[in-house]
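A short write-up of the structure that comes next.
The values are calculated or read from the model by the stated rules, or taken from the named source; none is laboratory data. The structure presented is a predicted model; accordingly, all values stated were derived computationally and were not measured. Heads up, the Cβs are rebuilt from the backbone with ideal geometry, glycines too, and the neighbour counts pull from every protein chain shown. Note: areas computed on protein heavy atoms with side chains; ligands, DNA, RNA excluded. Shrake-Rupley method; radii C 1.70, N 1.55, O 1.52, S 1.80 Å.
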Amino acid sequence: MRLSYVRELDEYPTGARRMKILTMAVLAILIGSYEGQIAPVVPLLLKDLNMSLATYGAVSGAAAVAGAVASILGGRLTDRLGRVRLLIPLMALTAVCCFVMTLVHSPRDLLVARIVLAFVDGVAMASTAPLIRDFSPRLGRAQAFGFWTWGPVGANFLAAAIAGWTLPIFNDSWRSQFVIMGCFSLVISAVIAFNIADLSPELRARIQHTERAATQVVDLAQPARLRNLFARRNIWAHVIGISLWLVLYITLSLFGQTMLVGSLGISSAEASTIMAAFWSLNLITLIVTGRLSDRTQLRKPFALAGTLVAVAVTGYLALALGDAGVSTGSLMVVGALLGGSLGVAYAPWMANYSEDAEDADPRLQGTAWGLFGFLSKSIAVVGLLVIPHVVEATDWQTWLFIALGCLVLFIPAIVMFNGPWRRAARTPVTVALGEAEG
């Protein structure tokens with residue numbers, strides 16, 4: 001039975017209609033990521049609940065575990081039930097969970113509320129990457145995933161901007177932010193519900209090369225089997241490789257400012273300026289490189305080039321952490337180069353992973369991306385629970401060298417991905433002599 005809010009398309013959309021649905025998917029990941037933001041109010045939360053930073057870290061770690069489990073579960077469900085059928089009601093439920101946050105009065109309340117929110121949000125957001133795949137033909141997939149990545153990054157800016165503007169209005173009440181978050185999320189969820197659509201199972205089972213050219217690669221009479229995905233060596237190369245790559249990314253996301261302040265003794269404002277340069281160029285290269293990757297239909301060369309530059313820049317940054325005299329300007333340049341190089345690698349990798357999973361069975365995109373969500377959140381748990389202990393025992397410089405080693409190990413994994421290293425030569429057009437003369 002088809003639910004009233006689920007619009008299934010029996011013909012692949014083209015032009016503005018397809019772009020509108022893609023925009024809704026990007027907006028969904030932005031709102032889903034925004035709903036999980038708590039960093040701007042943590043100092044107020046700790047004081048109001050009389051909670052230590054260690055307790056907050058444990059709560060965040062437990063929520064991240066719940067989110068990781070939810071991602072892999074949600075990925076499987078979105079393949080079985082459809083994207084929109086799962087996304088729309090769960091987005092509304094996450095908005096309700098934001099309002100529930102205002103009822104928190106103790107660390108135990110916070111633990112329960114954050115676990116429930118992380119789980120519901122994790123299941124809901126598992127539909128967004130498969131939606132990007134469904135509505136982005138291979139000719140434009142890297143750029144589409146580049147825009148999808150703007151969601152988690154943009155949520156950081158959105159949460160910080162709204163908090164900076166509204167907290168003084170509401171006398172620094174941290175609860176005000178979750179009321180705003182819930183209202184904003186409900187409105188945007190309604191907009192998405194009225195504008196998004198799902199592909200029919202038959203269309204999802206195809207590989208879409210362009211808006212109009214597609215290939216049917218599976219027998220729809222046979223069920224989608226997980227072994228078709230996980231029996232492939234290249235899929236395991238993706239899974240293990242990106243887990244190692246994410247160690248550096250998660251380190252910078254969770255502890256970028258803390259690392260710079262602790263190692264170099266600079267102010268929090270200076271550290272935030274350096275990280276702003278990191279995120280700014282990262283956002284730009286995600287889209288620019290995604291477009292170049294799509295135009296050339298090459299994925300692996302961009303992933304390799306971006307990772308090699310990131311290795312060199314990370315090595316320099318690790319050495320710079322031991323030099324208290326390094327200037328803020330130099331660190332901004334280094335931060336921008338690092339963020340930019342990671343962006344060069346990331347969008348083409350996402351397209352490559354999607355296409356390799358698609359070659360195994362297009363019907364398992366949700367499962368593949370659910371696994372990715374599980375991995376990324378699991379690395380975040382490692383970051384929250386392991387990194388502080390390693391840094392306390394040694395220093396930030398040691399940890400950055402560990403993250404650098406993980407990044408280096410991503411390079412041999414790239415070799416195992418499917419896809420060409422060079423752009424295929426154009427096939428020459430041969431014309432018969434009689435036709436040319438005629």
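Assorted remarks:
- Only a single criterion out of (1) closer than 24 Å to GLY373 by Cα; (2) open to solvent by 40 Å² or more (accessible area, probe 1.4 Å); (3) among the hydrophobic types (A, V, I, L, M, F, W, C) is not satisfied by VAL261, namely (1).
- Filter result for LEU53 (of a type outside the set (Asp, Glu), under 30 Å from ARG204 (Cα atoms) and open to solvent by 30 Å² or more (accessible area, probe 1.4 Å)): no
- Meets criteria (over 19 Å from VAL116 (Cα atoms), open to solvent by 40 Å² or more (accessible area, probe 1.4 Å) and in contact (Cβ under 8 Å) with a residue 24 or more places away in the chain) for PRO13: no
- VAL386, sole failed condition from (1) modelled with pLDDT of 85 or more; (2) surrounded by 17 or more Cβ atoms within 10 Å (Cβ to Cβ): (2)
- No other residue among PHE194, PHE147, PHE170 is touching a Gly at 6+ places or on another chain (Cβ under 9 Å) and either of a type in the set (Lys, Arg) or open to solvent by 10 Å² or more (accessible area, probe 1.4 Å) (or both) apart from PHE147.
- Filter result for SER185 (touching a helix residue (DSSP H, G or I) at 6+ places or on another chain (Cβ under 8 Å), in a helix (DSSP H, G or I) and within 23 Å of SER127 (Cα to Cα)): yes
- Among the residues of segment 48-69, those identified as touching a residue at least 60 places away in the same chain (Cβ under 8 Å) and within 19 Å of the chain's Cα centre (by Cα) are SER60, GLY61, ALA64, VAL65, GLY67, ALA68, VAL69.
- Within segment 74-128, tally of residues that are farther than 30 Å from LEU199 by Cβ and small (Gly, Ala, Ser): 2
- Any chance SER33 is of a type in the set (S, T, N, Q), at pLDDT 85 or above and either in contact with a Gly (Cβ under 7 Å, 6 or more places away or on another chain) or closer than 30 Å to ARG212 by Cα (or both): yes
- Some residue of segment 191-202 being over 23 Å from ASP121 (Cβ atoms), modelled with pLDDT of 85 or more and in a helix (DSSP H, G or I): yes
- Residues located in segment 96-108, provided they are over 22 Å from PHE374 (Cα atoms) and either in contact (Cβ under 8 Å) with a residue 24 or more places away in the chain or among the hydroxyl-bearing types (Ser, Thr, Tyr) (or both): VAL96, CYS98, PHE99, MET101, THR102, VAL104, HIS105, SER106, PRO107
- Residue count for segment 24-47 satisfying the condition of being touching a residue at least 24 places away in the same chain (Cβ under 8 Å) and either over 30 Å from VAL59 (Cα atoms) or open to solvent by 30 Å² or more (accessible area, probe 1.4 Å) (or both): 9.
- Of the residues examined, ALA124 is one that is in contact with a helix residue (DSSP H, G or I) (Cβ under 8 Å, 6 or more places away or on another chain), in contact (Cβ under 8 Å) with a residue 40 or more places away in the chain and buried (at least 20 other Cβ atoms within 10 Å of the Cβ).
- A single member of ALA142, ALA129, ALA160, ALA155 is among the aliphatic types (A, V, I, L, M), open to solvent by 10 Å² or more (accessible area, probe 1.4 Å) and in a helix (DSSP H, G or I), and it is ALA160.
- Residue list for segment 213-254, restricted to those being of a type in the set (S, T, N, Q), more than 15 Å from PHE372 (Cβ to Cβ) and either in contact with an Asp or Glu (Cβ under 8 Å, 6 or more places away or on another chain) or assigned to a helix (DSSP H, G or I) (or both): ASN228, THR251, SER253
- Residue match in segment 313-329 (condition: of a type in the set (A, V, I, L, M, F, W, C), open to solvent by less than 20 Å² (accessible area, probe 1.4 Å), outside any helix (DSSP H, G or I) and over 19 Å from THR289 (Cα atoms)): yes
- Residue ID - nearest to THR149 (Cα to Cα), chosen from residues in segment 266-307 that are at pLDDT 90 or above and not in a helix (DSSP H, G or I): ARG299
- Condition met for PHE99 (surrounded by fewer than 19 Cβ atoms within 10 Å (Cβ to Cβ) and touching a Phe, Trp or Tyr at 6+ places or on another chain (Cβ under 8 Å)): yes
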